[in-house]
1. Determine which single condition S401 fails, assuming it passes every other condition in (1) more than 10 Å from ligand 1 (Cβ to nearest atom); (2) part of a helix (DSSP H, G or I); (3) crowded, with 21+ Cβ neighbours inside 10 Å.
2. Is it fair to say G88 is modelled with pLDDT under 85, on the phi > 0 side of the Ramachandran plot and either of a type outside the set (D, E) or assigned to a loop (DSSP other than H, G, I, E, B) (or both)?
3. Can you find even one residue in the range 273-290 that is farther than 20 Å from G206 by Cα, at pLDDT below 95, surrounded by fewer than 24 Cβ atoms within 10 Å (Cβ to Cβ) and among the polar types (S, T, N, Q)?
4. Show me the strands (runs of 3 or more DSSP E) entirely contained within the range 265-334 in which 2 or more residues are outside the structural domain of V361 (by TED's automatic domain parsing), touching a Cys at 6+ places or on another chain (Cβ under 7 Å) and of a type in the set (D, E, K, R).
5. Given the residues R184, R83, R165, which is the only one that is outside the structural domain of G219 (by TED's automatic domain parsing), surrounded by 13 or more Cβ atoms within 10 Å (Cβ to Cβ) and either at pLDDT 90 or above or assigned to a loop (DSSP other than H, G, I, E, B) (or both)?
6. Can you pull out the residues in the range 161-194 that are without any contact (Cβ under 8 Å) to a residue 40 or more places away in the chain and of a type outside the set (V, I, T)?
7. Can you name the residue in the range 426-452 that is within 16 Å of ligand 2 (Cβ to nearest atom) and touching a Phe, Trp or Tyr at 6+ places or on another chain (Cβ under 7 Å) and is also modelled with the highest pLDDT among such residues?
8. How many residues does the range 114-132 hold that are within 26 Å of T358 (Cα to Cα) and among the β-branched types (V, I, T)?
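The values are calculated or read from the model by the stated rules, or taken from the named source; none is laboratory data. Note that the coordinates shown come from a computational prediction; the quantities given were computed from them, not determined experimentally. No Cβ is skipped: glycine too gets one built from the backbone with ideal geometry, and neighbour counts run over all protein chains shown.
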Amino acid sequence: MGFFTKAIPLPHKSTPGSFNLIDTPLPRQVTLPVQQYLGEPATPTVAVGDTVQVGQLIATGKGAHTLPLHATLSGTVSAIEERLTFRGTRVPAITIEGDGADTWTKLPNRSPDPRTLTPAQLIERIHRAGLITTGASPSPLADDLLPLDRPKTHLSSDGRPVVQRIDTLMIAALDTEPGLGVNRFQATREHDELPGALAALKALTGAERTVFVVDKHHGPFPQLMSLVAGDEEETTTITPITATRYPISLPAPLIKAVLGREVPLPYGHPRDVGVALYDLTTALALGATLTTNRPQVEMLMSVGGAALNQGGIAKVRIGTALADIIEALGGLQEPAAKIIAGGPLMGMAQYDLTVPVTKEVAGLFALRFDEIVLTSGYRECINCGRCVMVCPVNLVPGMLSLYCAKGHFERAEAEGLFTCIECGCCDYVCPSRRPLVHLFRHAKHQLMEARQ
Ligand code: SF4
Ligand code: SF4
């Protein structure tokens, strides 16, 4: 059986108020890890006691893998120390005590028309702004767009040279799981910066056509429709999909569903099948940077869960502690059984709410006891096969989990561990409540650490 023929139906995030925009107040403090994704950490360029302004460069490094970091609050650097991130790792982080003034640093003149920039200038601007790709696998956007000689050739994620012309720019106006909503929310609004972002992405990737992928049960999408109608060359289209067929909106299943192309797993990349795939949030962050020449200092995230007083789409400063966001939303109605950074299915449970929100955190959910399955008392695998029936990449998750739990990581790898896209479908259906994705992530991490 081919990949991605299996899926599980999940409810929409469509309860009243779930797409309400909530503008949270300026936090008193932000903490900015110098490593905001799975790349190399940056080196601080400020010291404790320095005063900083919004948008000021506070950490940098060499190479496209290391993202520069900018202050998201004006105030004083109060600490540079190791702090916990939402991934559970500890990395150096810069803490800024706000002065309440929210003063922006003086930036170079307003940017020239992005269409006049060369590809190298565009890449430099993208890198300087510290942009990442949001979605399932965050990485520095400039790095993802390199090398510039594409479409003639590019390197695949495992270092092989691949000659594959990119013909399609795919913009996913979808969220990686139905519990999240920022991309769908943004798709219904109009954005001055979107045309410039699309032009830049097409120039950098060489794609001739643009496909917007939208949620069939959401909308309307006035700007996307007018971009399609206004394209005289008829190279822009909209493809609606049923986004509740989880995990259809993850990169590999999405490309299969929309274009019928199969990204080679486990190490393949959309480019390997001629697709430059970005979500709408990434495109808008790029467009905003090209328009204003400012780095990204705030972001939208989905907030929800029955324990939270208020749900919707929250606008927050990057670096705000999860606890401060919860307080800004009116606090908890009752003690939460679980707080998750990210989506309810693929996100990570948090035990320390001083963890700051970073660019790749798409959501914050405070769940009640009746909304979760407690994994502390998980049982032995009963070989029921339910996980096999839902795994979109045809693995045998129950067996893989046994190898991982016993530390037989190489054996798990031989059985397809890295083909797992961490969708969480197996967790969702397991009657023994086994923490399957947790075990897979842990095993992958151990194997990758051992090879560094
Ligand atoms: S998390 Fe991995 S093993 Fe489980 S269903 Fe998804 S792809 Fe399959
Ligand atoms: S669903 Fe759970 S109990 Fe059933 S086979 Fe898979 S891991 Fe084992």
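1. Failed condition: (1).
2. Details: modelled with pLDDT under 85: no; on the phi > 0 side of the Ramachandran plot: yes; either of a type outside the set (D, E) or assigned to a loop (DSSP other than H, G, I, E, B) (or both): yes.
Criteria not met by G88.
3. Scanning the range 273-290 turns up no residue that is farther than 20 Å from G206 by Cα, at pLDDT below 95, surrounded by fewer than 24 Cβ atoms within 10 Å (Cβ to Cβ) and among the polar types (S, T, N, Q).
4. On the way: elements: 275-279, 298-304, 312-317.
Hits in the range 265-334: none.
5. Working: R184 fails: outside the structural domain of G219 (by TED's automatic domain parsing); R165 fails: outside the structural domain of G219 (by TED's automatic domain parsing).
One residue alone meets the criteria, R83.
6. Result: P161, R189, E190.
7. Pass one, the range 426-452, residues within 16 Å of ligand 2 (Cβ to nearest atom): 426-443.
When the remaining residues are screened for being touching a Phe, Trp or Tyr at 6+ places or on another chain (Cβ under 7 Å), the result is 432-435, 443.
Working: S432: 90, R433: 86, R434: 89, P435: 88, A443: 94.
Here the residue is A443.
8. Residues meeting the conditions: 3.
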